[in-house]
1. Using the C-alpha atoms of segment A:16-163, what convex hull volume per residue, in cubic angstrom, is computed?
2. Pick from A:Ile67, A:Ile111, A:Ile178: which is most flexible by mean-square fluctuation in a GNM of chain A where alpha carbon atoms under 10 Å apart are linked?
3. For segment A:2-222, give the share of DSSP beta bridges that are antiparallel, in percent and rounded to the nearest 5; count only bridges with both residues there.
4. Around B:Phe16, what is the net charge, scoring Lys/Arg as +1 and Asp/Glu as -1 over all other residues with Cβ under 15 Å from its Cβ?
5. Where in chain A are the DSSP H helices whose alpha-carbon span along the long axis reaches 27 Å or more and whose Kyte-Doolittle mean is at least 1.0?
6. Just to check I understand the Karplus step: with θ = phi - 60° and J = 6.51 cos²θ - 1.76 cosθ + 1.60, what whole-Hz values come out for segment A:34-41, glycine and proline as x?
7. Quick check on the exposure proxy: order B:Thr119, A:Thr44 from fewest to most C-beta atoms within 10 angstrom.
8. Once you average over the residues of B:292-302, how many Cβ atoms of partner chains fall within 10 Å of each Cβ?
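Taken together, the values in this text are just the output of simple stated rules run on the coordinates, not laboratory data. Bear in mind the structure is a predicted one, so any value in this text is a computation, not a measurement. Cβ coordinates were reconstructed from backbone atoms using ideal geometry, including for glycine residues, and neighbour counts include every protein chain displayed.
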Amino acid sequence: MVSHISKTFRSGRGQVNAVVDVSLKVPTGCFAAVMGKSGSGKSTLLNCIGGLEIPERGEILCFGTPINRLTAGALSHFQRHHLGFVFQRGNLLSYLTVAENIGLPLTLNGIVGAARTKRIETLLAEIDLETAAKALPHELSGGETQRVSVARAIAHHPKLLLADEPTANLDTTSGAQIAQLMRNMGREHGSTIIMATHDRDLIDSVDVVITIKDGQVQGENQR
Amino acid sequence: MKPGQTGFWAKIAFLFLIRSGRATAALSVMVVTAVAALIFLSALAVGVEDAMLRNTVGLFSGHIIAYNLPDGISPEELSIKGVQAVLKRRYFPGVLSGGAIAQPMTLCGITPDRESTVTALEKKISEGRYPSPGRQEILISRDIADTFSARIGDTLRFSHQPTDSGLDFIVSGIYQTGLPALDRGIAFSALDRIPAEGVSWSAAVFLRDGARTDTILNIYRQRFPETVHFESWEQQMPDLRQLIDLEAVSMVVVIVLVFGVVAIGIACSFVIFIIRNMREYGIMKAMGVTSAEMSLLIVIKVVLMNLAACAVGLLAGVLAVLAVTWVGGIDITAFTTHNRYFSVSGVLYPRLTAFSLWAPPAVSLLFSMIAAVWPAALVARRRAADILRLV
């Protein structure tokens, strides 16, 4: 639950009000899309929800935890256990293989040995990349990279999956596949998903559409 | 952070370095070169010390001089483990005269064959030769020869006591060492040609490479009567001791300075390296990696890279030392002709010691860890969103 949060940035163009008094509530297990044009404040809102940004005002309750009030250590702990991120460009760690990238959040969460190996194999099968386990990120296509990114984000069964424009660099078909993959995996793992996007073609995959403009929520449509 | 996760971060750091091969190699070259160069320089400094010591003690005096030895003690008794040779000598203070000139002089009775085998004095004989055993011959310095206008074959008389009539010696050779103590006051004759009644003998003790002078001295002092006086080369030549110490201090300063510069280079390079990969640190932060873990990861990366680079540098340095030794050392004779510490030979043989092997890698590792603080702090204090937004 997001309650009256605001976030501003200072830049060469002066003060930018990225998020202005935003309040919203996303039900547990729901797949929500935050839609808006570039620069509308979608990414900042997601970053605030995920604890990557600290808003100047307001409160963010993530499964009952006020994450904007956590200490740095407690926030890292919360992110590690309960959050998963999918970034615009996949952002896999370039020096780790596909399997190692997927295994990273597992190890961070203390899942090691056979359990870790089995989980990686399962996820690789789910994203249909069993043969690419030892491939490095630069050997993958854009769509494959995003599939691995989704698998990595969901590997440790996070309660909340945040996806910032995960289909922005993909063609329509690949984008739809990624959205569907997120939906399926989210549903299977019981994760709540919030996805920032400006792609209207993805609306069919989501449960709720939150429209944002100039840092303010314009509307919230159940689907 | 759980203690067991250090191994995990070490693995991540290892993979990073291995899979960023070219960048790692470029960063490592600086450390490899510095470690190799400093190992070689340290070994060369030891080689210079060895050469000075070898030249100085090897010319005549030996590492240890024993005075006032009674005839009841034989040279063999001083030949303990670590001793290469013991030369028996007797010193007779007296007066050397020739024609109308007389000069105070110490006549040293030696065993010429042994002396020519063990010491380098023979190399400093510019005319003639050592006195032969059984012959009434004398080896004098160029200074004395000039004072007496003496040549090979001339006769000089040596009187031990003012009252005795003295012994005549034929000049068999003339030497010149450049060392005032030898050139101005000592002449040599065969030990068996000088009456030795009531005169104690002295020993010049030459040690093997690696034998410690103080250890041998302690054994001697425990084993022989207090009336026998032992002096090490350090007591005989405190100036040489100071020179060697000064060189050691200089070497430490050089090592620290070089690695100070290298550390700054490493820190700058690593900061560039980290800024280039900053987005990946942002991703890890978003995944819940703590600042402490991030700092640990960077420190492990720097340390691992340094360990590998130090190993290669160590190997390169050792090979360089072996190669120089194999080709016959470094001949600096042209620069030492007027240097009394290089009176015999100007050839340097770099020698590896424990210090020359561990000091450069240890200093490198220490400075690299200090150098890791800057990039680690850079990553630790930035928020994930700032990193992801900036890059």
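1. On the way: hull volume 19.8 nm³, N = 148.
Expressed per residue, the convex hull around the Cα atoms of segment A:16-163 is 134 Å³.
2. A:Ile111
3. On the way: 18 of 36 bridges.
The antiparallel proportion sits near 50 percent.
4. Working: positive: B:Lys11, B:Arg19, B:Arg22, B:Arg276, B:Arg279, B:Lys301; negative: A:Glu100, B:Glu280, B:Glu293.
The answer is +3.
5. Details: long enough: none.
Qualifying helices: none.
6. After applying 6.51 cos²θ - 1.76 cosθ + 1.60, I find 9, 10, x, 6, 4, x, 7, x Hz.
7. Details: B:Thr119 22, A:Thr44 28.
Fewest-to-most Cβ neighbours within 10 Å comes out as B:Thr119, A:Thr44.
8. Working: counts 3, 3, 1, 0, 0, 0, 0, 0, 0, 0, 0.
Average neighbour count from other chains, rounded to a whole number: 1.
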